[in-house]
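These notes concern the structure reproduced below.
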Amino acid sequence: MLTLVLSIAGAVVALCIGCAVWGWRKTWREASVVVSAGRHFRPEEGGAPDGAESARAPVAGRTLRVYFIKPSKYHHDGYVLQFWKGVLPNNTLTVLSALNEAYNRLRAEDNVYLETVLWDEIVDGPLSAGAIRAIREKADEDGVEAIVGIAGAQTNQYPRGRDLALQFVAAGFPVVFGGFHDLSHWDAMPPLTREGFRQAVGAATEEEARRALAFANLEGVLGYVRCPVLVVHGKRDAIIPWHQAERIAQELPAGATLLLDEDGVHCCHNHAIQYRAAMADWLAKTLRVEA
């Protein structure tokens with residue numbers, strides 16, 4: 001009898017400790033969002049990034065705090081997936097951060113300073129409504145403008161990315177969500193491609209997948225783009241028709257540089273060396289980098 005009582009008591013203690021640890025981890029993740037922003041901006045020191053060499057001296061002009069967030073995805077039970085042990089952030093986030101630093105270095109005369117905060121949900125943890133409010137309050141407290149970029153989202157991460165975007169919009173943030181496919185050509189997709197999208201979003205049937213991805217199109221979106229754009233597409237792309245690339249280039253208000261590869265597959269992966277070099281050259285020209 002005593003053994004049974006001790007076993008039950010031990011189980012209760014273990015459960016309490018487990019709940020406390022879970023609650024602590026959740027609180028820590030949410031607090032880390034604000035701490036991360038704080039590490040990047042210290043008003044009393046003039047707004048320079050902390051812990052890293054600044055690309056240029058801070059200016060008494062406009063400071064724009066850019067949150068690049070890579071969304072995770074939903075498990076089929078509804079919760080947001082996260083690594084038990086984090087790894088390095090997504091490469092897309094690293095590249096975007098480097099581009100912001102390049103802007104600070106090369107466009108100093110514009111009197112605009114870009115701060116960059118990176119958050120990879122699958123590594124750093126899901127962003128809760130409380131964390132989003134804290135980000136808003138931190139930006140207001142520091143007196144900086146803040147913008148959110150949902151970046152690097154794969155197809156099965158679009159629902160989570162959309163949910164995050166709507167929450168940030170409700171909190172008063174401008175939000176940019178890049179990387180969308182236009183899937184309005186669903187019926188023309190090869191059956192294997194449609195099946196891939198069904199698997200990606202965890203749908204039970206193809207019709208359920210179609211409904212889940214109905215929002216993934218570019219209607220009414222392209223007119224908002226004002227920045228320079230490079231469009232690269234292969235005419236042998238079996239997933240996204242190449243004529244969509246032409247459409248994007250034509251509908252952008254400022255036009256675009258369009259590179260179409262007659263023999264290119266999806267993302268021109270079969271000619272990666274050629275187009276990675278072309279992208280680097282285009283960025284150097286657009287950012288006015290001297291050779």
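Derivation of every value follows stated rules applied to the coordinates shown; laboratory data play no part. Predicted, not measured: the structure shown is a model, and the values here were computed from it. Every residue, glycine as well, gets a Cβ built from its backbone with ideal geometry; the counts of neighbours run over all protein chains shown.
In which sequence would 158, 79 go, from the one with the fewest C-beta neighbours within 10 Å to the one with the most?
Numbers: 158 25, 79 10.
The fewest-first ordering by Cβ neighbours comes to 79, 158.
No solvent, one uniform scatterer per C-alpha: report log10 I(q)/I(0) for segment 55-199 via the Debye equation at q = 0.11 1/Å, two decimals.
For segment 55-199, the Cα-only Debye profile gives -0.50.
Apply the Karplus curve 6.51 cos²θ - 1.76 cosθ + 1.60, θ = phi - 60°, to the phi angles in segment 253-265 and return the couplings in whole Hz, x for Gly and Pro.
x, 9, x, 7, 8, 10, 10, 10, 9, 4, 10, x, 8
Could you tell me the ratio Rg/Rh of segment 163-238? Both radii from Cα atoms, Rh via Kirkwood.
Details: Rg = 15.0 Å, Rh = 14.8 Å.
Ratio of gyration radius to Kirkwood radius: 1.02.
Quick query: amide H of residue 113 versus all other amide H atoms, modeled in the peptide plane; which residues come in under 5 Å with a sequence gap of 5 or more or a different chain?
Placed amide hydrogens put 62, 63, 64 under 5 Å from residue 113.
Quick check on the exposure proxy: order 68, 177 from fewest to most C-beta atoms within 10 angstrom.
Values: 68 27, 177 19.
Ascending Cβ contact count within 10 Å gives the list 177, 68.
Search the structure for amide H atoms under 5 Å from the amide H of residue 146, placed 1.01 Å from N in the peptide plane, and list their residues when 5 or more places away or on another chain.
So residue 146 has HN proximity to 65.
Which order, highest average first, do 125-135, 247-257 follow once you tally other Cβ atoms within 10 Å for each residue and take the mean per peptide?
On the way: 125-135: 18.2, 247-257: 14.5.
Going from most to least packed, we get 125-135, 247-257.
Using the count of nearby Cβ atoms within 10 Å as a rough guide to exposure, how do 103, 113, 224 rank from fewest to most? Write out the running numbers ahead of the final one.
Numbers: 103 17, 113 27, 224 9.
Exposure proxy ranking, most exposed first: 224, 103, 113.
Please compute one quarter of the surface area of the Cα convex hull for segment 176-291 and express it in square nanometres.
On the way: hull surface 33.3 nm².
The number I arrive at for segment 176-291 is 8.3 nm².
What is the packing order of peptides 70-78, 272-280, taking the mean over residues of other C-beta atoms within 10 Å and listing the highest first? Can you show the working numbers first?
On the way: 70-78: 15.9, 272-280: 12.8.
Averaged packing, sorted descending, gives the order 70-78, 272-280.
Can you compute 3J(HN,Hα) from phi for each residue in segment 268-283, using the Karplus curve 6.51 cos²θ - 1.76 cosθ + 1.60 with θ = phi - 60°, rounded to whole Hz and x for Gly and Pro?
So the J values, rounded to whole Hz, are 6, 4, 6, 10, 4, 4, 4, 8, 5, 5, 5, 5, 4, 5, 5, 4.
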